[in-house]
1. Cα convex hull of the chain: mean projected area in nm², to one decimal?
2. Translational D (Stokes-Einstein, µm²/s) of the stretch 71-199 at 20 °C and 1.002 mPa s when Rh comes from the Kirkwood sum over C-alpha pairs?
3. Report the extension gain between residue 72 and residue 155 in nm, rounded to one decimal, defined as 0.36 nm multiplied by the number of residues separating them, less their alpha carbon distance.
4. State the percentage of accessible surface on the chain attributable to carbon and sulfur atoms; use a 1.4 Å probe and exclude ligands, DNA and RNA.
5. Classify the stretch 1-117 from the C-alpha gyration tensor, please: rounded if a/c falls under 1.5, else prolate or oblate depending on whether a/b exceeds b/c.
6. Report Rg/Rh for the stretch 8-68, rounded to two decimals, where Rg is the Cα radius of gyration and Rh the Kirkwood radius.
7. Does the stretch 74-115 classify as rounded, prolate or oblate by the C-alpha gyration tensor (a ≥ b ≥ c root eigenvalues; a/c under 1.5 gives rounded; else a/b over b/c gives prolate, otherwise oblate)?
8. 7 Å from Cα along Cα→Cβ at both residue 48 and residue 99: what's the point-to-point distance in nm?
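The values are calculated or read from the model by the stated rules, or taken from the named source; none is laboratory data. This one's a predicted model, so the numbers in the text were calculated from it and none came from an experiment. Heads up, the Cβs are rebuilt from the backbone with ideal geometry, glycines too, and the neighbour counts pull from every protein chain shown. Side chains included, ligands, DNA and RNA excluded: accessible areas come from the protein's heavy atoms. Shrake-Rupley method; radii C 1.70, N 1.55, O 1.52, S 1.80 Å.
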Amino acid sequence: MAPKSDSVEGIVLTFVNEQNRPLNVQNVADALQKFNLKKTAVQKALDALADSGQISFKEYGKQKIYLARQDQFKIPNPQELDQMKKENANLQDELAAQKKATSEVEAEIRTLQSNLTLEEINSKQAKLESEVKEMMEKLKKLQSGVVMVKPEDKKAIEDSFYEKVNQWRKRKRMFKEIWDTITENSPKDQKEFKEELGLEYDEDVGVSLQSYTDLLSNKKRKLS
């Protein structure tokens, strides 16, 4: 007997059938977090569905892989497959055309946005003139021999910078070790898994640990 659609087993069964691909308990638990289902409840539901024959499963060592029963899906005949292939090809052509049109519109928008109005030009000019004035005042102070930063303040800033870069390096290494352990035996694509978890690497946000490490190295060379 099929479980109720709003029960834990019903939610899990619907998800497994919709995905129709190999899944482990972590895959299912992660995807169903929006239903506030705990991993233990998901595991219990998967085992119950497997025992009742509503889904299939295979054991690989200590890990179980679950899959929707394939006999419930209609298998298209050769003619239907050919028709589906033609429809897919047509859709791909339409998608390519839409992407091209979208790119052209986006390029036009960028061009229009790059053209400043007279009001924006005057505002930018005023801002730049103010920045030039501030820089000239700082330059005069430096030329007169005024110390802008106290030595103790400079050292405190440098020490803080060194510490933060070192913490960055340690945390980056720790994350890699944990990530490698988690994904070592996972059948899931790492890029897809990363996107599901909402993870961002340094390069995703345009930063590089190496550039800051190079700053540290250059500073040490200057002091030596």
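1. The directionally averaged projection comes out at 24.3 nm².
2. Rounded, D is 91 µm²/s.
3. Extra length from residue 72 to residue 155 when fully extended: 22.9 nm.
4. 55
5. Here the stretch 1-117 falls in the oblate category.
6. Result for the stretch 8-68 is an Rg/Rh of 0.91.
7. Taking the square roots of the gyration eigenvalues as a ≥ b ≥ c, the stretch 74-115 is prolate.
8. 4.4
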